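Below: the structure, in structure tokens.
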Amino acid sequence: MESGPFLDDEVKKEFSRFVIVVLYTDGWDNEKYRESSMRNAALLRDRFKTRSIPFYVALDPTGEKVYWTGGVVTAEELVDALSEVPRTFKAAK
């Protein structure tokens, strides 16, 4: 999220509506990060049925997927997709 489409002002505007969570899965060769990378990779595989990197997912307050895509996307594609995610979610209890 440090580069590419995430630097685009329109993407930043759309992302401001979300709680952003980043799962790093590429620390396999670093002993310090190996365990967390393995857990994060397992989460992507088991919960979202993907190994795609990058992988983007928007969840509703109950944890259901409302948008997802894997692979490289442009800023325009990301803005278009995120703008379709409902703006009327109420906080989960």
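The values are calculated or read from the model by the stated rules, or taken from the named source; none is laboratory data. Note that the structure is a prediction, hence the values are computed from the model and not measured. Quick reminder, even Gly has a Cβ in these numbers, built from the backbone with ideal geometry, and neighbours come from all protein chains shown. For the accessible areas, the whole protein counts, side chains as well, though only heavy atoms, and no ligand, DNA or RNA atoms are used. Shrake-Rupley method; radii C 1.70, N 1.55, O 1.52, S 1.80 Å.
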Quiz item: For residue 50, which sequence-distant residues (separation of 5 or more, or a different chain) have an amide H within less than 5 Å of its own amide H, given hydrogens modelled in the peptide plane?
Solution: 45
Self-check item: Sites excluded, chymotrypsin sites (Phe, Trp or Tyr not before Pro) in DSSP loops with at most 16 other C-beta within 10 Å, longest stretch of the chain
Solution: 29-88
Quiz prompt | Two-site FRET efficiency, residue 39 against residue 17, from Cβ-Cβ distance with R₀ of 25 Å, rounded to 0.05 | solution = 0.35
Quiz item: So how exposed is residue 46, as accessible area in Å² (1.4 Å probe, rounded to 10)?
Solution: 80 Å²
Quiz item: By how many degrees, 0 to 90 and rounded to 10, does the Cα axis of helix 31-48 deviate from the longest principal axis of the chain?
Solution: 50 degrees
Quiz item: Taking the chain, how much of its Cα-Cα pair set, in percent, is spaced more than 21 angstrom apart?
Solution: 38 percent
Quiz item: Do any GluC sites (Glu not before Pro) in the chain lie in a loop, going by DSSP, with at most 15 other beta-carbon atoms within 10 Å of their beta carbon, and if so which?
Solution: 2, 64, 84
Quiz prompt | Extension reserve of the residue 62-residue 7 stretch, reckoned as 0.36 nm per residue once the Cα distance is removed | solution = 16.9 nm
